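Q: Before anything else, here's the structure in question.
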Amino acid sequence: MAFANTNISDILATTIESRTRRLADNVTNNNAILSRLSARGKVKNFSGGSKILQELTFAENQNAGWYSGYDLLPVGVSDVISAAEYDIKQAAVPVVISGLEQLQNSGREQMIDLMEGRMSVAESTMANLITGGLYSDGTAAGGKELSGLEAALPVDPTAAPYGGIDGATFTFWQNRVSDQTAAAGLDATQIQGFWNLLYSQLCRGMDKPDLILADSTVWNTYIASLQAQQRFSNTNSADAGFTSVKFFTSDVVLDGGIYFPSAASGATGAPAGTAFFLNTNYLFYRPHSARNMVPLSPNRRYATNQDAEVQIIAWAGNLTVSGRRFQGRYDANG
């Protein structure tokens, strides 16, 4: 006996509902940045507000100092904590089924098979959409796209404010850049020297880059610069499915190679000729607690002028940085 449309609609809704957690995990595990942030506890939900606030320290406590005996100690207010502000960005992938498809797949097993296929496509599309956003400058789709590494780590950190803070005014809010586009940036005999200098500019005590994301051209140049006995891979990154080697204590991950850019997701890898030196202690993935790969509405949605039903998978949030000075960018001719 064929199932009524209401039951079919319930299958549509419950299939999406049951897979949203899997979808959130797949998006996180599918990307080297999010995989590292998840492992380090840097995936932080937020629950409301018109902006995403990311707390940061920008100065030392001016009351600190040496004293002797009964010297008076300064107790004045020392303003050392502020916050960067990030817009809430939204993404959605609709899953659509027509009335004819409902009739043709009216058996429960047939409907589940149909929805499994539709959901698999929706999951990979959303993963590519988020990953593309993680590398973007946030200007696509009229500025609605997630603000990614191109915005956080631009070639010129003084050109435009980021997180509501002007790097031209506040030097602590400038990322480091090694611009070797006019030099031998893709020379295997020189790349390690360029990287040594950039790496040293990003270290402060125990603070140092832990993840370097490189496109295929920079990756290949770095690999060519290594002697065979120096090719130490990172077991954790390899176990997670990412191709990586070491640069000092940092994992160098290939995040280029084959990808399928689309009008929605853009290129889902590091830009050509680029490597991002990331200190993920100061990097955060901030999805909204009520909008992290979930159905936009549990109610059924019908097109007013079509015989079709739609369920929408939705996400809201952004990528945020609390320490821009600890992040670096290497550019060469791609």
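The values are calculated or read from the model by the stated rules, or taken from the named source; none is laboratory data. Source: prediction; values computed, not measured. Every residue, glycine as well, gets a Cβ built from its backbone with ideal geometry; the counts of neighbours run over all protein chains shown.
Q: Do we have any residue at all in the stretch 92-114 that's among the acidic types (Asp, Glu), at negative phi and touching a residue at least 24 places away in the same chain (Cβ under 8 Å)?
A: no
Q: While we're on this one: From the list 127, 151, exactly one residue is within 30 Å of residue 277 (Cα to Cα) and out of contact with any Gly (no Cβ under 6 Å at 6 or more places or on another chain). Which is it?
A: 127
Q: Among the residues of the stretch 306-324 satisfying the criterion of being of a type outside the set (Gly, Ala, Ser) and surrounded by fewer than 22 Cβ atoms within 10 Å (Cβ to Cβ), which is nearest to the chain's Cα centre (by Cα)?
A: Ranking the candidates gives 312 first.
Q: Does the stretch 176-183 contain at least one residue that is surrounded by 16 or more Cβ atoms within 10 Å (Cβ to Cβ), under 24 Å from residue 312 (Cα atoms) and either out of contact with any helix residue (DSSP H, G or I) (no Cβ under 8 Å at 6 or more places or on another chain) or among the polar types (S, T, N, Q) (or both)?
A: Within the stretch 176-183 (the criterion being surrounded by 16 or more Cβ atoms within 10 Å (Cβ to Cβ), under 24 Å from residue 312 (Cα atoms) and either out of contact with any helix residue (DSSP H, G or I) (no Cβ under 8 Å at 6 or more places or on another chain) or among the polar types (S, T, N, Q) (or both)), the answer is no, since none of the residues qualifies.
Q: Let me ask something else. Output yes when any residue across the stretch 251-271 is modelled with pLDDT of 90 or more, among the aliphatic types (A, V, I, L, M), in contact with a Leu (Cβ under 9 Å, 6 or more places away or on another chain) and part of a helix (DSSP H, G or I), and no when none is.
A: no
Q: If you take the residues in the stretch 176-217 that are touching a Gly at 6+ places or on another chain (Cβ under 6 Å) and charged (D, E, K, R), which one is nearest to residue 33 (Cα to Cα)?
A: Here the answer is 215.
Q: Quick one: which of 186, 197, 213 is crowded, with 19+ Cβ neighbours inside 10 Å and outside any loop (DSSP other than H, G, I, E, B)?
A: 213
Q: What is the residue count in the stretch 149-178 for residues that are modelled with pLDDT of 95 or more and among the small types (Gly, Ala, Ser)?
A: 3
Q: Select, from 324, 329, the only residue that is charged (D, E, K, R) and at pLDDT below 95.
A: Sole residue among the options that is charged (D, E, K, R) and at pLDDT below 95: 324.
Q: It is to be established whether one or more residues within the stretch 187-206 are in contact with a strand residue (DSSP E or B) (Cβ under 6 Å, 6 or more places away or on another chain) and either modelled with pLDDT under 95 or of a type in the set (D, E, K, R) (or both).
A: No, the stretch 187-206 has no match at all.
Q: Still on this structure, I have one more. Would you say residue 120 is in contact with a helix residue (DSSP H, G or I) (Cβ under 9 Å, 6 or more places away or on another chain), hydroxyl-bearing (Ser, Thr, Tyr) and surrounded by fewer than 21 Cβ atoms within 10 Å (Cβ to Cβ)?
A: No.
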